[in-house]
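Each remark here refers to the structure printed beneath this line.
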Amino acid sequence: MDQKSTIFDRIYQSLASVKLSLFLFGALAATSIVGTLIPQESTVEQRLREYGPKLSAIIELLDFADMYHSWWFKVLLGLLTVNLIVCSFRRLPQTLTLLRAGNQTMDPARLEKMRHHARVQLPVPLAASQKLLAALLGRRYSCQWQERESGWQAVAEKGRFSRLGVYFVHLGVLFILGGALVGSIFGFRGFVTIPEHGTVDRIFIGGKHRALPLGFAIRCDKFTVDFYETGAPKEFRSDVSIIEQGDLVEQAAILVNDPLTFKGITFYQATYGSEPSDIMLQVKDLKTGEGRRLEVPFRETVMIPGTKDRLVVMDYAENVGNHGPALFIAAAREHQQPASAWILVKQPEFHGNRIGDLVVTVEGLQNSFYTGLQVKKDPGIWVIYAGFSLMLLSMLVALYGSHRRVWLLLDQASGGTKISLGGHSSKHEARFGREFTKLTQDIGDLSANRETHV
């Protein structure tokens, strides 16, 4: 039993360690630097091209390409959260003791030892002096009066809860860490391309080999782009519809800096492009002399009628070898190795428009726009905003607020009431000194006879 208690104590001491806090902050800072150097949510092909196979394997193993959703980043955030909670609770009892210390009994000798102290003689009876001081102090402080054998004692204070400001700063940081954890666990960032008049119901998660269902479908009804005179894009816009269980539930326009949010998922206008559609090909077999006309959807494999041969249009380029637009077409013929070639769109007589012994002519081609949308879900973002707001407000209280207390002893004296007072501030002593001097003067204004030592 003692051994278990000892182990628990060691774990508790470790979690409450300032060294652990510094280590975790340093680790998060270092990994964040790595996250800025390595593009997040990049594809495997991009990483292979940029870093080579060995370094790409390390990046893949450590999940550096999607670092903020990696298991080890979540562990660091979780440890820092626990560390901050334990540190706060460990020091909280001492702070609460200081807050309750305002009711302690004071004696004249102790007041004389305070940095700020004073003595005032009022030529009025004890009961009347108590009422005058209660009225004066009540306008500035929260006061507690207590009757003594020889008179009265009081504790006047303000800013009591400023001592708790640092704990609310901690609470704000906990909100931020909690929001980051929620976003890391339940959020995602991805990308999707939607052809004009096309519909998608899932997105590609950057850096991952998986598609994520949205739970609804989004359709691009229309895409428009305006250009400057220089040819640079001025504005591009996607008019989209949200379809849920077959029903149209929302229509909106997505522009740069004007995203669409639906069910916590935000769509940002990121890019655009064009791709071929309505592709009509004429395919002639040089061996048999037979020609066939067929429609080939972009990036979809089709059978050549009357044969077991297959064609697929894999890519499109605006200009190939200064010969104009071209389609990259692959053919898989029976009993032959697959072959591919660029087929020029506007030069049907070009001798290179061949894939093996197939002559391919483009008879019809239309280009249609597609829109590229960045997709993001971060359910913890509002928790983070709340944490930042709480942390900033609490920092103002912690930095500029102070717990100020004034103790007063009222004793019956010959010809009136003798008042001894002393004051203390948790910080900003110079400012409190001016405040204490002003209070002493105001008390003295109640009497013509005053003896003060500050």
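What is the local net charge at GLN337, summed over the other residues whose Cβ is closer than 14 Å to its Cβ (Lys, Arg +1; Asp, Glu -1)?
Combined, the nearby Lys, Arg, Asp and Glu give -1.
Which order do SER394, SER274 fall in if you start with the one that has the fewest other Cβ atoms within 10 Å?
Details: SER394 22, SER274 16.
Final ranking by Cβ density, sparse to dense: SER274, SER394.
Under a model in which nothing but the beta-carbon of Lys, Arg (+1) and Asp, Glu (-1) is charged, the chain shows a dipole of about 2760 debye around its Cα centre.
Starting from the Cα-Cα distance between ALA339 and ILE185, subtract it from 0.36 nm times their residue separation and give me the gain in nm to one decimal.
Length difference between fully extended and current span is 50.9 nm.
Note on region 306-375: the C-alpha convex hull projects to 6.9 nm² when averaged across all orientations.
Placing a label point 7 Å from the Cα of LYS287 along the Cα-to-Cβ direction, the residues of region 325-355 whose backbone N falls under 20 Å of that point are 330-341, 353-355. Helix screen, the chain: DSSP H segments with Cα axial length of 30 Å or more and mean Kyte-Doolittle hydropathy at least 1.6 are 165-186. Pairs with C-alpha atoms separated by more than 28 Å, drawn from the list LYS131/LYS427; LYS418/LYS438; LYS222/LYS284; LYS234/LYS376; LYS54/LYS376, are LYS131/LYS427; LYS222/LYS284; LYS54/LYS376. Computed from backbone phi with θ = phi - 60° and the Karplus coefficients 6.51, -1.76 and 1.60, the 3J(HN,Hα) list for region 335-350 is 6, 10, 6, x, 9, 8, 6, 7, 10, 6, 7, 9, 10, x, 8, 4 Hz; x is used for glycine and proline. Placing unit charges on the Cβ atoms of the charged side chains and taking the dipole of the chain about its Cα centre, the candidate lying farthest along the positive direction among LEU61, PRO93, GLN412 is GLN412. In the list (1) 55; (2) 33; (3) 23, the label attached to percent of Cα pairs over 39 Å apart as derived from the coordinates here is (1).
Taken together, the values in this text are just the output of simple stated rules run on the coordinates, not laboratory data. In this text the structure is predicted, and so the values were computed from the model without any measurement. Virtual Cβ from ideal backbone geometry, glycine too; neighbours counted across all protein chains shown.
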